[in-house]
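Presented below is the structure to which this report refers.
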Amino acid sequence: MSHPPEHPRQAIETVFRMESPRIIAGAARIVRDVGIAEELAQDALVAALEQWPRTGVPDNPGAWLTAAAKHRAVDLVRRRERYARKLAEVGRDLESAPPHLDATTDPDDIDDDLLRLVFTACHPVLSAEARVALTLRLLGGLTTAEIARAVLAPEPTVAQRIVRAKRTLAARGVPFEVPYGPDRERRLGSVLDVIYLVFNEGYAATAGDDWLRPALCEDALRLARVLAGLMPEESEVHGLAALLELQASRAAARTGPSGEPVLLADQSRARWNRMLIRRGFAALARAQGASGGALGPYALQAAIAACHAHAHTYEETDWQQIAALYGLLAARAPSPVVELNRAVAVSMAEGPAAGLALVDALAGEPALRDYHLLPSVRGDLLVRLGRAGEARGEFERAAGLARNERERELLRGRARGCG
């Protein structure tokens, strides 16, 4: 044990936020119920809040919390089994067999609790929206507000989705497992979407004081790699892996000495991770080989990221190719955010006026009403057009909408730069 910290509660909350997905996943493997597993993880947190201020933060706090949750899970299962035996003694039959401490194995299964957690939360009994919300909560450790921001939905709606999803999984007796065969195919799209959203939250945090949350990026990247090994014939699995490898390669260059965000145009490409870039190129090649000539949305985004990785400097970027790829992506997976990104690419390929026309066409999109990057992009285009006064207003509006403090500071600085 270490000496008691000056602010143990802050240390406990930080550790729990980082480790909660693994804690929940480990408990869920025992109790076979993600809702109960989340409660057991919270019980472990309460135990830490009671003990660590007196005894000090353990050398491995994540392992301590995981062990505490698993001990409670084992106790719960044992109580259930004792109750089942008592019922049997008086001649009453249970409707279903009691849970067992030892998980059954399957030759096509994966020994990875986090991956089991993702596939369980992405079960077809849940709506697509509920799958995303529940998995971001359980795997990403995100708050309801952060999930609402990530999926562009109201907070009360997201909260209801999470509660109903946990109830549905429990009521339907959904097993805690990685499925195989047709069932795996049906859940794959949701699993890929969730892994991507978790990575994005780590890559550009929705709220808080930190621009990056590396632990989320690492979990998402690891899961994408595991899926790619599990499903080598699925183009989009490799496409997602390629996209995350290439995006993760820029992580070290995305923040400055004080943790402030560094825009793509200002990043030192010498700090980009060449090993991850090579892995991304290889995964993209596998996606192209398995696609039969028609790349899916993740593979197309990976191809866009590859264009950036191929350019030695920002000025050498092939924006014509990127704009064309965004056109394909908009046709394959249309969304206002994709259109906004396409507008940026078009502005670089054809000039800021062409990009501004596309951005202004998105002004009435309900999904982008509170999306801070819409006025941010518009402000950048106005700067390039020499309309600094208008640009300042757009950057100020963007800063007002942003919930990440680092990003807010960046936008305020850009507004001052127009002044």
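The values are calculated or read from the model by the stated rules, or taken from the named source; none is laboratory data. Here the structure is a predicted model, which is why all the values come from computation and not from measurement. Neighbour counts are summed over all protein chains in view; Cβ atoms, including those assigned to glycine, are modelled from backbone coordinates with ideal geometry.
So that you can scan it fast, the table gives a plain yes or no per residue for (1) at pLDDT 95 or above; (2) among the charged types (D, E, K, R):
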| residue | (1), (2) |
| --- | --- |
| Leu300 | yes, no |
| Ala305 | yes, no |
| Asn341 | yes, no |
| Ala353 | yes, no |
| Asp380 | yes, yes |
| Val383 | yes, no |
| Arg392 | yes, yes |
| Ala415 | yes, no |
| Cys418 | no, no |
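Tally up the residues in the stretch 285-340 that are more than 22 Å from the chain's Cα centre (by Cα) and among the β-branched types (Val, Ile, Thr), please.
3
I'm checking my understanding of the structure. Among residues of the stretch 382-391 that are hydrophobic (A, V, I, L, M, F, W, C) and part of a helix (DSSP H, G or I), which one is surrounded by the fewest Cβ atoms within 10 Å (Cβ to Cβ)? Let's see the steps before the verdict.
Quick first cut of the stretch 382-391, residues hydrophobic (A, V, I, L, M, F, W, C) only: 382-383, 385, 388, 391.
If we keep only those that are part of a helix (DSSP H, G or I) as well, we get 382-383, 388, 391.
Working: Leu382: 23, Val383: 19, Ala388: 13, Ala391: 23.
By that ranking, first place goes to Ala388.
Does the stretch 142-179 hold any residues that are over 27 Å from Val338 (Cβ atoms) and either within 12 Å of the chain's Cα centre (by Cα) or assigned to a loop (DSSP other than H, G, I, E, B) (or both), and which are they?
Gly173, Val174, Pro175, Phe176, Glu177, Val178, Pro179, listed by residue number.
Taking interchain pairs and intrachain pairs at least six residues apart, which have beta carbon atoms under 6 angstrom, with the first residue in the stretch 395-410 and closer than 20 Å to Arg254 by Cα and the second aromatic (Phe, Trp, Tyr)?
Sorted first by the residue in the stretch 395-410, then by its partner, the pairs are Arg406/Trp211.
For the stretch 259-349, which fully contained helices (runs of 4 or more DSSP H) count at least 1 residues that are farther than 22 Å from Phe199 by Cα and of a type in the set (A, V, I, L, M, F, W, C)? Lay out the reasoning, then the answer.
Numbers: elements: 274-291, 297-310, 319-332.
Filter on the stretch 259-349 gives 274-291, 319-332.
Do any residues in the stretch 44-56 that are assigned by TED's automatic domain parsing to the domain that holds Leu76 and more than 21 Å from Pro21 (Cα to Cα) have Cβ atoms under 7 Å from those of residues that are among the small types (Gly, Ala, Ser) and exposed (fewer than 13 other Cβ atoms within 10 Å of the Cβ), where the two are at least six apart or on different chains, and which pairs are they?
Gly56/Ser2
In the stretch 345-365, which residues are surrounded by fewer than 23 Cβ atoms within 10 Å (Cβ to Cβ) and either touching a residue at least 24 places away in the same chain (Cβ under 8 Å) or out of contact with any helix residue (DSSP H, G or I) (no Cβ under 9 Å at 6 or more places or on another chain) (or both)?
Scanning the stretch 345-365 gives Met348, Ala349, Glu350, Pro352, Ala353, Leu356, Leu362, Gly364, Glu365.
Considering only residues that are closer than 14 Å to Ala241 by Cβ and of a type in the set (Val, Ile, Thr), which ones fall in the stretch 173-197?
Val191, Ile195
Anything in the stretch 144-184 that is under 18 Å from Glu129 (Cβ atoms) and in contact (Cβ under 8 Å) with a residue 60 or more places away in the chain? List them, or say none.
First pass over the stretch 144-184, keeping only residues under 18 Å from Glu129 (Cβ atoms): 144-169, 172, 174.
Of everything in the stretch 144-184, those that are under 18 Å from Glu129 (Cβ atoms) and in contact (Cβ under 8 Å) with a residue 60 or more places away in the chain turn out to be Ala145, Glu146, Arg149, Leu152, Lys166, Arg167, Leu169.
Considering only residues that are part of a loop (DSSP other than H, G, I, E, B) and among the acidic types (Asp, Glu), look in the stretch 350-381 and name the one that is farthest from Leu410 (Cα to Cα). I'd like the intermediate steps shown before the answer.
In the first step, residues of the stretch 350-381 are kept if they are part of a loop (DSSP other than H, G, I, E, B); the result is 351, 361-365, 369-372.
So of that shortlist, the ones also among the acidic types (Asp, Glu) come out as 365, 370.
Values: Glu365: 25, Asp370: 18 Å.
Only one residue fits best here, namely Glu365.
Could you check how many residues of the stretch 204-227 are crowded, with 21+ Cβ neighbours inside 10 Å and assigned to a helix (DSSP H, G or I)? Don't jump to the end; show me each part of the working.
Step one: filter the stretch 204-227 for residues crowded, with 21+ Cβ neighbours inside 10 Å, giving 205, 211, 213, 216, 219-221, 223-224, 227.
Those still in the list that are assigned to a helix (DSSP H, G or I) too: 216, 219-221, 223-224, 227.
Residues that pass the stated criteria total 7.
Check Arg286, Arg278 and return the single one that is crowded, with 20+ Cβ neighbours inside 10 Å and of a type in the set (Lys, Arg). Can you show your working first?
Working: Arg278 fails: crowded, with 20+ Cβ neighbours inside 10 Å.
Step by step, each of Arg286, Arg278 is checked, and only Arg286 is crowded, with 20+ Cβ neighbours inside 10 Å and of a type in the set (Lys, Arg).
What is the residue count in the stretch 306-332 for residues that are touching a residue at least 24 places away in the same chain (Cβ under 8 Å), of a type in the set (A, V, I, L, M) and over 25 Å from Ala251 (Cβ atoms)?
Final tally of qualifying residues: 2.
Can you tell me which residue among Arg131, Arg167, Arg161, Arg92 is modelled with pLDDT of 85 or more and farther than 24 Å from Asp219 by Cα? Before the answer, list the steps.
Numbers: Arg131 fails: farther than 24 Å from Asp219 by Cα; Arg161 fails: farther than 24 Å from Asp219 by Cα; Arg92 fails: modelled with pLDDT of 85 or more.
When all the criteria are applied, what remains is Arg167.
Looking at this structure, is Glu339 surrounded by fewer than 15 Cβ atoms within 10 Å (Cβ to Cβ), more than 23 Å from Val237 (Cα to Cα) and of a type in the set (Asp, Glu)? Show your work before the answer.
On the way: surrounded by fewer than 15 Cβ atoms within 10 Å (Cβ to Cβ): no; more than 23 Å from Val237 (Cα to Cα): yes; of a type in the set (Asp, Glu): yes.
When the stated conditions are applied, Glu339 does not pass them.
Residues in the stretch 152-164 that are surrounded by 17 or more Cβ atoms within 10 Å (Cβ to Cβ) and either of a type in the set (Phe, Trp, Tyr) or touching an Asp or Glu at 6+ places or on another chain (Cβ under 9 Å) (or both): how many?
2
I'd like to verify a number: residues in the stretch 123-141 that are of a type in the set (Ser, Thr, Tyr) and either at positive phi or in a helix (DSSP H, G or I) (or both), how many? Quick ask: steps written out before the conclusion?
In the first step, residues of the stretch 123-141 are kept if they are of a type in the set (Ser, Thr, Tyr); the result is 127, 135.
From what is left, the residues that are either at positive phi or in a helix (DSSP H, G or I) (or both) are 135.
Within the stretch 123-141, residues that are of a type in the set (Ser, Thr, Tyr) and either at positive phi or in a helix (DSSP H, G or I) (or both) number 1.
When you go through Ala25, Ala44, Ala84, Ala48 one by one, which is the residue that is modelled with pLDDT under 70, surrounded by 14 or more Cβ atoms within 10 Å (Cβ to Cβ) and either part of a helix (DSSP H, G or I) or within 23 Å of the chain's Cα centre (by Cα) (or both)? If you could, list the steps in order and put the result at the bottom.
On the way: Ala25 fails: modelled with pLDDT under 70; Ala44 fails: modelled with pLDDT under 70; Ala48 fails: modelled with pLDDT under 70.
Unique residue meeting the criteria: Ala84.
I'm trying to understand the selection: among the residues of the stretch 236-250, which are in contact with a helix residue (DSSP H, G or I) (Cβ under 7 Å, 6 or more places away or on another chain) and either surrounded by fewer than 20 Cβ atoms within 10 Å (Cβ to Cβ) or closer than 21 Å to His310 by Cα (or both)?
Narrowing the stretch 236-250 to residues in contact with a helix residue (DSSP H, G or I) (Cβ under 7 Å, 6 or more places away or on another chain): 236-249.
His238, Gly239, Leu240, Ala241, Ala242, Leu243, Leu244, Glu245, Leu246, Gln247, Ala248, Ser249 - these are the residues of the stretch 236-250 that are in contact with a helix residue (DSSP H, G or I) (Cβ under 7 Å, 6 or more places away or on another chain) and either surrounded by fewer than 20 Cβ atoms within 10 Å (Cβ to Cβ) or closer than 21 Å to His310 by Cα (or both).
How many residues are more than 14 Å from the chain's Cα centre (by Cα) and either of a type outside the set (D, E, K, R) or not assigned by TED's automatic domain parsing to the domain that holds Pro182 (or both) when one looks only at the stretch 123-135? Walk me through it before giving the result.
If we filter the stretch 123-135 for residues that are more than 14 Å from the chain's Cα centre (by Cα), which is where we start, we get 123-130.
Those left that are additionally either of a type outside the set (D, E, K, R) or not assigned by TED's automatic domain parsing to the domain that holds Pro182 (or both): 123-128, 130.
Of the residues in that region, 7 qualify.
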